[in-house]
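The values are calculated or read from the model by the stated rules, or taken from the named source; none is laboratory data. Being a predicted model, the structure only gives us computed values, none of them experimental. Don't worry about glycine lacking a Cβ; one is built from the backbone with ideal geometry, like all the others, and counts go over all protein chains shown. We work out accessible area using only protein heavy atoms, side chains counted, and drop any ligands, DNA or RNA first. Shrake-Rupley method; radii C 1.70, N 1.55, O 1.52, S 1.80 Å.
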Amino acid sequence: MLISRALRLLRYSPVLINRKNLSEQRHGNNHVDLRLKSINDTHVTLIIDGKELKYDWIFLRDSCQCHQCIDSSSKQKLHRTTDIPLNISPHETKIQVLDNNNLEIVWNQPLLNQTKNIGKHQSLYSSSWLRTYSTSENIARARYNDRPYVYWTRNNIQHVDLHVKCDDYLHSDQGLYTVLKLLNDYGIAFIDNVRGEFTVERLVERIGEIRHTFYGKTWNVQNVKQAINVAYTSVELGLHMDLLYFEAPPGLQYLHSLANDVKGGASYYADAFRAAEILRQNDPEAFEILCSYPVTFHYRNVGRHYHFTRSTIVLDRFSSNNCIDHINYAPPFQAPFECDTSKPEFRKFIQAFHSFRDLLEDSSNQLEILLEKDQCVIFHNRRVLHARREFDASSGNRWLKGSYTDLDNFKDRLRIFREKFDKVSHLEL
Ligand SMILES: [Fe+2]
């Protein structure tokens with residue numbers, strides 16, 4: 001009943017109609033046309049740039065950005081979503097578009113944990129904020145998560161300049177931003193003229209904190225006797241990702257070449273996102289089974305016992321187009337399968353796994369490069385597979401120093417630098 005009265009009031013209130021007309025003016029640089037259409041028990045319907053959009057009262061109350069709702073110092077929320085009464089709505093139709101193009105709502109009741117005498121709570125939402133939250137694409141842009149990946153093959157990546165000088169990367173924002181963009185777009189970048197045994201630590205820290213693992217803060221890839229990892233030998237090491245037996249494998253891997261004058265030992269890389277997308281197009285059933293079939297990884301050696309089970313392809317299930325979030329592929333670190341392999345799905349998975357392997361192993365899909373002394377490669381360990389050809393350990397010295405950082409640190413820097421260099425001014429949060 002209250003709502004039907006509200007709808008009548010909305011329709012006939014001269015004040016609101018005037019406000020509506022005013023709101024049609026364009027304000028500043030935002031150019032957002034915001035109008036109020038109707039309200040009901042659970043939603044308001046707004047017209048934003050001619051498009052009809054619904055916003056739930058609970059979403060709006062929960063997202064209030066005022067200083068009573070967001071701590072001005074920590075920028076953190078001061079209430080829980082579950083503190084909002086289920087029947088919250090505007091107090092007696094107190095919802096309007098103000099002259100400054102903000103939507104004002106005065107709420108009909110306080111939050112569940114608030115005591116009386118607090119007064120009616122007023123929330124303001126800018127038209128650009130409302131527009132940002134109108135589509136997942138706008139949210140992605142506002143979060144600087146919308147830079148697309150460039151899938152690559154040997155042919156097309158050899159025309160891309162993947163190299164940045166160490167000094168530029170360490171000392172210029174533009175140099176760092178170039179590397180961040182390469183890592184986003186292609187999942188791989190090379191830093192040249194890197195000198196000094198421990199400089200790789202500075203290279204990592206330019207993006208984020210070093211991810212310390214049981215291999216150490218940094219680790220040496222050298223041919224050693226009684227190696228604790230196949231990487232520390234001279235044999236061919238096929239395409240793989242590192243540390244998939246961890247719950248959260250590191251997102252960026254750095255390998256700095258301190259010496260490389262052996263016969264053999266070239267590195268090669270493959271874009272697993274591209275391989276997965278080709279499989280999705282050509283064989284959707286194989287793609288699906290790789291998205292769900294459990295593969296176990298482990299490391300059980302030298303007093304350690306790590307273990308994790310995951311599917312080969314992981315989708316971002318919150319994205320509108322089911323895009324690939326990451327890949328899990330590391331044959332040397334697989335454990336025996338722990339699911340029921342007597343079921344027919346196992347053979348279906350194996351067939352799909354073969355198709356995926358064929359795409360990855362196709363040399364026309366690989367970038368092969370000998371990492372020269374004083375070069376450091378950085379690659380996205382959840383997208384780009386890495387491998388090494390066998391080398392003759394007696395022919396010289398091959399010494400790489402490696403280190404990791406988490407993908408969170410990379411994405412944080414990329415957002416900050418995109419905001420600095422490519423600000424999305426019309427979609428401010
Ligand atoms: Fe590796």
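What FRET efficiency comes out for the pair Ile350/Leu124, r = Cβ-Cβ distance, R0 = 45 Å, nearest 0.05?
Details: r = 58 Å, r/R0 = 1.29.
E(calc), rounded to 0.05, equals 0.20.
With the contact rule set at Cα under 8 Å and sequence spacing of 6 or more, what percent relative contact order holds for the chain? Please list the in-between numbers first.
On the way: 786 pairs, mean separation 86.6, N = 429.
Taking the mean separation of contacting Cα pairs over the length of the chain, I get 20 percent.
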*Working out 0.36 nm times the residue gap between Asp283 and Phe59, then minus their Cα-Cα distance, what length gain in nm do you get to one decimal?*
76.7 nm
_How much accessible area per residue does the chain have, counting only protein heavy atoms and a probe of 1.4 Å, in square angstrom?_
50
_For Val150, residues with placed amide H under 5 Å, excluding near neighbours_ = Tyr186
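Sorting Thr82, Thr341, Thr135, Thr405 by accessible area (1.4 Å probe), largest first, what list results? Walk me through the intermediate numbers first.
Details: Thr82 110, Thr341 65, Thr135 30, Thr405 0 Å².
I get Thr82, Thr341, Thr135, Thr405, largest accessible area first.
Take the alpha-carbon positions of the range 154-421, form their convex hull, and give its projected area averaged over all directions (one quarter of the hull surface) in nm².
Numbers: hull surface 59.7 nm².
Its average projected convex-hull area is 14.9 nm².
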*Under a Cβ-Cβ cut-off of 15 Å, what is the net charge of the residues other than Arg195 that fall near it, where Lys and Arg count +1 and Asp and Glu count -1?*
-3
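Return the carbon/sulfur percentage of the accessible area of the range 154-421, one whole number, probe 1.4 Å, all protein chains in place. Walk me through the intermediate numbers first.
Details: 5580 of 12240 Å².
In the range 154-421, the share of accessible area belonging to carbon and sulfur is 46 percent.
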_Inter-centroid distance (Cα atoms) of the range 276-346 relative to the range 186-249, Å_ = 23
_Below 25 Å, Cα to Cα, which lysines can Lys263 reach? Residues fewer than 8 away in the same chain don't count._
Lys225, Lys373, Lys401
*Looking at Thr309, Thr45, Leu371, which one has the Cα that reaches farthest to the positive end of the dipole of the chain (charges on Cβ: Lys, Arg +1; Asp, Glu -1)?*
Thr45
*First measure r as the distance between the Cβ atoms of Arg317 and Leu78, then evaluate 1/(1 + (r/R0)^6) with R0 = 35 Å and state the FRET efficiency to the nearest 0.05.*
0.70
_Residue by residue through the range 146-155, what is 3J(HN,Hα) from phi via Karplus (6.51 cos²θ - 1.76 cosθ + 1.60, θ = phi - 60°)? Round to whole Hz and write x for glycine and proline._
9, 6, x, 7, 10, 6, 10, 10, 4, 5
_Val32 long-range amide H proximity, modeled H, under 5 Å_ = His27
*Mind ordering 359-367, 177-185 by average Cβ neighbours within 10 Å, highest first?*
177-185, 359-367
*Do any cysteines of the chain lack a neighbour Cys whose Cβ is under 4.7 Å away, and which are they?*
Cys66, Cys166, Cys291, Cys323, Cys339, Cys376
*Cut-off 19 Å, label 7 Å out along Cα→Cβ of Asn220, residues of the range 190-210 by amide N*: 195-202
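For the range 103-156, what's the relative contact order in percent, using C-alpha pairs closer than 8 Å and at least 6 residues apart? Kindly include the intermediate steps, with their values, before the conclusion.
On the way: 33 pairs, mean separation 14.0, N = 54.
This gives 26 percent for the range 103-156.
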*Helix-only CD estimate at 222 nm, as mean residue ellipticity for the chain, using -39500 (n - 2.57) per DSSP H run (n ≥ 4)*: -8000 deg cm²/dmol
*For the charge dipole of the chain, defined by +1 on Lys and Arg C-beta atoms and -1 on Asp and Glu C-beta atoms about the Cα centroid, which residue among Cys166, Asn145, Phe190 has the Cα displaced farthest towards the positive pole?*
Asn145
*Amide hydrogen neighbours beyond the local backbone of Asn397, cut-off 5 Å, H modeled*: Asp261, Val262
